[in-house]
Amino acid sequence: MPEHLELQMILSCLTPLGWLERNPAYKEQLRQLTARDLQTYGFLGYPVLQAADILLYKATAVPIGEDQLPHLELTREIARRFNFIFKTDLLADCAPILTPTPRLPGTDNRKMSKSYNNTINLSDSEDEIRMKVQKMVTDAKRIKLTDPGHPEECNVYSYYSVFAPDLKADVHDWCTNAKKGCTECKTILAQRLMDYLKDIRARREKLEKDKDRVRDILNEGARKARTIAKQTMQDVREVVFG
């Protein structure tokens, strides 16, 4: 919807460059993705588009992962700056909503990101899940099968906490007392992940066969969102341009 880009442009004119450059995600990806040219406004200014996505609908609470907290704080700063400059309360302040597991690392123990190719996707097949889990980073200090492990330093263990909490105590025992190796532990986790995602994948496959219904859902959602977005932008234009 064009309102997103219009609000982004207005907010971009008000956002200090230093606010964007201090963003932890921006600095991390500059370090990690050295093979890509990320010295562009599109990449640096992307958080402003994220802010527009939130502020356009006057959201007061946003469900996010822990790694997105800096982005949301930037959104709040941009909203406060806009309201201060134009002496209004038009743009709402927004608070984060975090789940009991606010951060789940990627398979390589870095931040989970498509840019890092370390994700387990809801659409992955069972073979893809098995392959990705078997490649997951584990305890680097556990060299041999007979070596006791350190579960708190193992990425696989963190996944058990979310997808198989009933086995968490057992996994801790297997690892610290060298009762099972990492490969077996990963095999069990992969099966739990497949069981967890089975219904989601089945529903996705069903929707993929009914593209007309998917389009209807998207169009109806867009219609409702556009109504709110158009009103917000009308209010923004009146405040900014008079």
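A few points about this structure:
- Derived scalar couplings between HN and Hα for the range 131-138 equal 4, 5, 5, 5, 8, 5, 6, 10 Hz in order, rounded to whole Hz, by the Karplus curve 6.51 cos²θ - 1.76 cosθ + 1.60 (θ = phi - 60°), x for Gly and Pro.
- Taking label positions 7 Å along the Cα-Cβ direction at both THR34 and LYS211, the computed distance is 4.3 nm, reported to one decimal.
- Classification of the chain by its C-alpha gyration tensor yields a prolate form. The axis ratio a/c (a ≥ b ≥ c) is 1.5 or more, and a/b outweighs b/c.
- Simple spin-label estimate for THR187 and ARG110 in nanometres, 7 Å along Cα-Cβ: 3.0 nm
- By the helix-only formula, in which each DSSP H run with n ≥ 4 contributes -39500 (n - 2.57) and the sum is divided by residues, the chain has a 222 nm mean residue ellipticity of -18500 deg cm²/dmol.
- Restricting the range 47-135 to trypsin sites (Lys or Arg not before Pro) that sit in a DSSP loop and have at most 12 other Cβ atoms within 10 Å of their own Cβ leaves LYS87, LYS135.
- Cα-based reach from LYS211 at 18 Å (exclusive), listing aspartates and glutamates while leaving out same-chain residues under 8 positions away: GLU220
- Spin-label model, ASP173/GLN231: points 7 Å from Cα along the beta carbon direction are separated by 5.8 nm.
- Set of aspartates and glutamates near LYS135 by C-alpha distance (under 17 Å), chain-local residues within fewer than 8 positions excluded: ASP108, ASP124, GLU126, ASP127, GLU153, GLU184
- Legend: distances between Cα atoms for LYS87/LYS230; LYS198/LYS230; LYS111/LYS168; LYS141/LYS168; pairs beyond 29 Å are LYS198/LYS230.
- Across the range 114-208, the fraction of Cα-Cα pairs farther apart than 15 Å, rounded to a whole number, is 61%.
- Taking other Cβ atoms within 10 Å as a rough exposure proxy, THR176, THR75 sort from fewest to most as THR176, THR75.
- Calculated from backbone phi, Karplus (6.51, -1.76, 1.60) coupling profile of the range 178-183 in Hz, x at Gly/Pro: 6, 8, 9, x, 5, 4
- Residues with amide H under 5 Å from that of LYS111, placed H, sequence gap 5 or more: GLY106
- Between the range 56-82 and the range 156-218, the alpha-carbon centres lie 30 Å apart.
- Between amide H atoms placed 1.01 Å from N, distances below 5 Å from VAL62 occur with ALA95, ILE97, all of them 5 or more places distant or on a separate chain.
Readers should treat all values here as calculations from the given coordinates under stated rules, not as data from a laboratory. All figures in this text were calculated on a predicted structure; none of them were measured in a lab. Note that each Cβ is placed from the backbone with ideal geometry, even for glycine, and that neighbours are counted across all protein chains shown.
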